[in-house]
Amino acid sequence: MSDASPLQESADPPPPRETPEEQVSYLRAGYSLKSWFFTTDHKRIAILYMVAIMFFFVVGGAAAVLMRLDLATPSADLLTSDGYNRAFTMHGVIMVWFFLIPSIPTTFGNFLIPLMIGARDLAFPRLNLLSWYIYVIAGFFTLYSLVAGGVDTGWTFYTPLSTMFANGHVMAALSAVFIVGFSSILTGLNFIVTVHKLRAPGMTWGRLPLFIWSHYATSLVLLLATPVLSITLVLLAAERMLGVGIFDPALGGDPLLYQHLFWFYSHPAVYIMLLPAMGVVSELVAAAAHKQVFGYWFIAYSSMAIAALGFLVWGHHMFVSGQSMYASAIFSLLSVAVAVPSAIKVYNWTATFYKGSVSFDPAFLFAMSFIGLFVIGGMTGLMLAMLAVDVHLHDTYFVVAHFHYIMVGGTVSAFFGALHFWWPKITGRDYTKMWGGLTAVLIFGGFNMTFFPQFLLGYLGMPRRYHSYDPEFQVLHLLSSAGASILAVGYMLPVFYLGWSLRWGKPAETNPWGATGLEWTVPSPPPKHNFEEVPVVVEGPYHYPLKHPASRD
Amino acid sequence: MSFVTPLWPPQASAYAEQVDRLFLGFSALTVLLVLPVFILIGIFALKYRRGRDVDRTHRTRGSVWLETSWAAGPFLLVLGFFAWGVALYVDAQTEPVGALEISGTAKQWMWKFSHHPGGQREINELHVPAGEPVKITLTSQDVIHSLYLPALRLKQDVLPGRYTTLSFTADRPGTYALRCAEFCGANHAVMGGRIVVQTPRDYAQWLSRSGADKSLAERGKLLFRQYGCSGCHGPASSVKAPDLAGLYGRPVSLESGETIIADDQYIRDSILFPHRAIAAGYPPIMPTFRNVIEEEDLIALTAFIRNTRAEDWREEE
Ligand code: HEM
Ligand SMILES: [Cu+2]
Ligand SMILES: [Cu+2]
């Protein structure tokens with residue numbers, strides 16, 4: 001066994017035998033609460049994150065449902081103005097910091113990084129558990145601010161509204177975001193050290209799956225950008241609580257300073273949300289095409305380029321803020337540049353399908369959905385980078401549509417794609433493919449119906465964060481609300497068939513998709529310590545066709 | 001409910017038409033760049049779907065030539081639009097000479113405008129003559145707001161403690177939306193009104209109908225006395241304070257050694273934060289008028305200081 005390539009997989013399932021202690025699946029290694037809440041196993045921590053994150057996805061989603069219902073008519077009927085403002089603030093805070101930023105890295109990243117590089121765990125397993133607890137504590141602060149009455153500043157906390165005028169529970173929300181930042185920082189640190197130090201023998205940088213490259217890039221951004229946010233929030237708190245004049249001009253401060261600091265973090269943060277999704281899609285595309293990805297190094301380095309360039313474009317959020325004309329021109333140019341590495345990825349994915357052997361599995365459909373929606377989100381982002389266009393579209397529904405196309409259309413599709421692709425590995429169960437495909441199609445259709453009309457609304461001049469609006473906008477708003485209900489059905493379907501699979505699904509094979517990658521060489525679900533013997537890697541990733549494809553069907 | 005959905009926002013200026021052209025041009029480019037990707041993925045996925053017997057030999061793992069061309073090609077195309085976007089933006093940001101001056105103050109949740117020459121004031125409505133350049137100087141009394149005129153494709157954030165400006169020439173008479181685009185608290189969504197673009201004749205009529213008896217500068221002159229400024233700054237005063245006549249637009253040397261141009265912002269700061277920038281050679285005795293003078297009065301005072309030449313000053317006292 002020791003000289004065999006780890007990427008080879010025997011066609012027949014291993015004969016049943018008494019499994020030794022360390023070969024017991026991670027799911028069966030203890031059933032007590034303690035074995036979950038004090039685990040240091042990266043796979044169990046990934047499940048803990050999954051549960052917590054899905055909870056917040058539902059809470060954030062509920063706020064969205066309230067808003068969409070209210071926006072079905074031009075007048076303010078369902079919510080009060082204050083209530084509406086609190087709904088979109090909570091929606092933004094929760095979706096950004098409690099769903100999107102941690103979503104893929106802390107669940108699939110946590111689960112897969114050690115498996116993909118041939119390690120037994122992350123470099124700092126206890127730190128990993130600590131990150132989860134920090135996330136949960138921060139989550140309680142968020143829930144407190146929600147239950148206590150909400151926050152009315154928008155997730156952007158612009159000054160001086162947030163420091164001197166807002167009367168919601170701003171401090172609780174600030175604390176939540178401040179605390180959850182440490183969870184991000186520790187996760188980033190853990191991933192970086194793991195990728196540097198724990199690669200299996202023969203797993204050179206050039207043999208890393210692209211999922212690892214994108215998580216590595218993400219981790220660098222997490223580590224470098226998050227502290228800026230933490231400090232900014234401390235300054236905000238100092239002004240709100242102690243009246244120290246930093247941002248409020250009435251106290252001698254500068255309100256634009258806040259925007260610079262905030263976007264210096266928050267623009268890189270959108271890449272924290274996006275890069276892991278791109279890593280997922282690279283894996284899904286290669287597995288669907290059963291082919292070596294086209295332009296491996298271009299995709300790998302484009303992740304690094306995005307991470308670096310992402311720090312240089314924050315000013316594109318401030319074109320109408322009164323920032324200097326020259327600064328705006330430079331930020332506009334840099335924003336065009338930051339789109340190049342993303343475009344490179346899309347073209348390479350496309351080329352990967354050429355002469356592939358493409359299967360229409362749910363994971364493939366989600367990957368297609370990602371590419372389609374992300375491309376539209378990206379191109380409209382470029383439109384917004386054109387100065388004169390942005391002056392008209394800034395702070396309108398066009399922007400709302402743009403970032404939902406990227407964050408929901410892109411990242412959330414990739415999240416669902418990852419869920420459908422690695423579900424058999426994580427749970428050891430197969431689900432019904434047909435339902436997965438149907439979900440992908442529903443989400444794609446519902447999404448476009450929800451958010452495409454918002455591009456039109458934006459160009460017609462409908463500002464965002466509006467509780468009531470001119471009746472001329474109603475038709476488009478109604479369409480959007482109707483689409484949202486389809487979208488909601490799409491998001492809820494997996495609860496049923498994936499839930500069903502947990503109990504009644506067929507036990508999954510080791511390699512149900514016939515994919516390359518070390519994670520597909522260990523049993524499904526993987527044993528507690530991942531690898532019986534340390535794997536030795538002798539070839540690059542995506543070495544298709546497999547010599548002994550573990551055939552399905 | 002209304003089933004009539006406008007397909008395109010009204011264009012009230014030549015500039016708006018140009019922005020639309022840029023937007024549509026870029027949309028065309030988007031289609032040009034995106035369609036090949038979608039079509040190729042579709043073709044590849046169907047042609048090479050698993051189990052289908054097709055020629056899969058001569059697969060490649062990459063091509064530097066291809067990578068370079070699909071990185072550089074679209075980039076250069078977009079650069080063209082970038083230049084176009086910058087040109088239009090610079091155009092909009094450049095203040096026209098001889099523009100009609102209007103001041104705007106925003107506060108939670110109301111817009112107030114004053115017309116400099118006639119001193120007319122209006123709330124949540126803005127009347128402007130068609131075909132004449134207009135310059136609006138904006139400031140906020142509380143949080144950040146944003147003056148958004150969709151029919152002109154223009155928007156400018158309105159900051160507390162700072163002046164920003166928005167200039168335009170509206171061409172097409174009509175009534176268009178005026179909205180607040182920056183979230184500013186509970187009633188953000190209803191902080192709007194309309195901009196009325198009128199033929200110069202109608203505008204002149206409107207001015208006389210809403211007849212204020214004093215121009216903004218004249219009102220400022222009154223305030224200058226009411227707030228006691230003239231006690232120190234007036235020519236008859238015994239206090240050593242700078243003569244403000246002809247100050248506007250001139251460089252001022254400060255005690256700190258710096259030199260600063262006396263613009264709207266400088267005059268405003270001199271009144272609210274006199275100790276931040278002391279004029280060279282004068283004692284720092286000017287009291288602060290923070291929390292005493294409202295934004296609108298500040299604007300009137302500034303208009304007065306700006307309009308007074310040395311001669312007017314003398315004959316006044
Ligand atoms: C599932 C269906 C969703 C619907 C119908 C929806 C709807 C909305 C609406 C109506 C707004 C407020 C826009 C305004 O008033 O100007 C909004 C804002 C926002 N949404 Fe969503 N949303 C959905 C999902 C998501 C998801 C999954 C995310 C993140 C992953 C997300 C991220 C955001 C962000 C960041 C904002 C901006 C919040 C702010 O400006 O403070 N949304 N969304
Ligand atoms: Cu950005
Ligand atoms: Cu507002």
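The values are calculated or read from the model by the stated rules, or taken from the named source; none is laboratory data. Because the structure is predicted, anything quoted here is derived from the model rather than measured. Cβ placement follows ideal geometry from the backbone for every residue including glycine, while neighbour counts extend to all protein chains displayed.
Within segment A:511-521, is there a residue that is in a loop (DSSP other than H, G, I, E, B), β-branched (V, I, T) and farther than 30 Å from A:T80 by Cα? Yes - at least one qualifying residue is present in segment A:511-521. The listed residues are A:A277, A:A225, and the only one of them that is within 16 Å of ligand 2 (Cβ to nearest atom), assigned to a helix (DSSP H, G or I) and surrounded by 23 or more Cβ atoms within 10 Å (Cβ to Cβ) turns out to be A:A225.
Cβ-Cβ distances below 7 Å connect the following pairs, each with a first residue in segment A:457-483 that is closer than 18 Å to A:V391 by Cβ and more than 7 Å from chain B (Cβ to nearest Cβ), a second residue that is more than 8 Å from ligand 1 (Cβ to nearest atom) and assigned to a loop (DSSP other than H, G, I, E, B), and a separation of six or more residues or different chains: A:M462/A:Y469; A:R464/A:D395.
Looking across segment B:164-198, the residues that are crowded, with 18+ Cβ neighbours inside 10 Å, within 14 Å of chain A (Cβ to nearest Cβ) and more than 16 Å from ligand 1 (Cβ to nearest atom) come down to B:T164, B:L166, B:S167, B:F168, B:Y176, B:A177, B:L178, B:G193, B:I195. For segment B:190-203, the count of residues that are more than 16 Å from ligand 2 (Cβ to nearest atom) and more than 24 Å from the chain's Cα centre (by Cα) is nonzero.
Conditions (1) away from ligand 3 (no atom under 16 Å from the Cβ); (2) facing chain A (nearest Cβ under 10 Å), marked per residue:
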| position | (1), (2) |
| --- | --- |
| B:W111 | no, no |
| B:L147 | no, yes |
| B:K155 | no, yes |
| B:P200 | yes, no |
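Of the set (1) surrounded by fewer than 22 Cβ atoms within 10 Å (Cβ to Cβ); (2) within 16 Å of ligand 3 (Cβ to nearest atom); (3) within 27 Å of A:V58 (Cβ to Cβ); (4) not polar (S, T, N, Q), all apply to A:D470 but (3).
For segment A:502-513, a residue qualifies if it is among the small types (G, A, S) and in contact with a Ser or Thr (Cβ under 7 Å, 6 or more places away or on another chain), and exactly one does: A:A508.
Got at least one residue in segment A:353-363 being facing chain B (nearest Cβ under 8 Å), over 21 Å from the mean Cα position of the chain (by Cα), touching a residue at least 12 places away in the same chain (Cβ under 8 Å) and not in a loop (DSSP other than H, G, I, E, B)? Yes, the conditions are met somewhere in segment A:353-363. Within segment A:444-465, none of the residues are more than 16 Å from ligand 3 (Cβ to nearest atom), surrounded by 23 or more Cβ atoms within 10 Å (Cβ to Cβ), under 20 Å from A:F108 (Cα atoms) and at pLDDT 95 or above. Within the set A:D430, A:D395, the sole residue that is away from ligand 2 (no atom under 16 Å from the Cβ) and in contact with a Lys or Arg (Cβ under 8 Å, 6 or more places away or on another chain) turns out to be A:D430.
Residues of segment B:13-20 include at least one that is within 22 Å of B:A177 (Cα to Cα) and assigned to a loop (DSSP other than H, G, I, E, B). Note on segment A:452-507: residues that are in a loop (DSSP other than H, G, I, E, B), within 25 Å of the chain's Cα centre (by Cα) and closer than 17 Å to B:T5 by Cα amount to 0. Which pairs have Cβ atoms under 6 Å, sit 6 or more apart or on different chains, and link a residue in segment A:367-394 that is more than 8 Å from every other protein chain (Cβ to nearest Cβ) to one that is of a type in the set (S, T, N, Q)? Pairs found: A:S369/A:S413; A:F370/A:S413; A:G378/A:S342.
When A:V234 is tested against the conditions (1) touching a residue at least 60 places away in the same chain (Cβ under 8 Å); (2) more than 29 Å from A:T40 (Cα to Cα), the lone failure is (1).
Within segment B:7-29, being crowded, with 18+ Cβ neighbours inside 10 Å, at the interface with another protein chain (Cβ under 8 Å from one of its Cβ atoms) and touching a Leu at 6+ places or on another chain (Cβ under 8 Å) holds for B:P9, B:Q18, B:V19, B:L22, B:F26. Residue-level analysis places A:T40 among those that are of a type outside the set (A, V, I, L, M, F, W, C) and more than 30 Å from A:A148 (Cβ to Cβ).
Looking at segment B:7-37, which of its residues are hydroxyl-bearing (S, T, Y) and closer than 20 Å to B:V90 by Cβ? Scanning segment B:7-37 gives B:S13, B:Y15. The helices (runs of 4 or more DSSP H) falling completely within segment B:190-235 include none with 2 or more residues that are modelled with pLDDT of 85 or more and of a type in the set (V, I, T). A count restricted to segment A:63-94 and to residues that are assigned to a helix (DSSP H, G or I) and away from ligand 2 (no atom under 16 Å from the Cβ) stands at 21. Taking residues in segment A:445-456 that are touching a residue at least 60 places away in the same chain (Cβ under 8 Å), and partners anywhere that are within 16 Å of ligand 2 (Cβ to nearest atom) and among the small types (G, A, S), the pairs with Cβ atoms closer than 6 Å and at least 6 places apart or on different chains are A:F455/A:A401.
In the condition set (1) within 14 Å of chain B (Cβ to nearest Cβ); (2) more than 30 Å from B:L88 (Cα to Cα); (3) polar (S, T, N, Q), A:T432 is compliant with all but (1). Only residues that are in a helix (DSSP H, G or I) and more than 10 Å from chain B (Cβ to nearest Cβ) were counted across segment A:309-325, and they come to 8.
Residues that are within 16 Å of ligand 1 (Cβ to nearest atom) and either hydroxyl-bearing (S, T, Y) or at pLDDT below 95 (or both) are absent from segment A:219-228 altogether.
Just one of the listed residues (B:L152, B:L159) is closer than 23 Å to B:T175 by Cβ and at pLDDT 90 or above, and it is B:L152.
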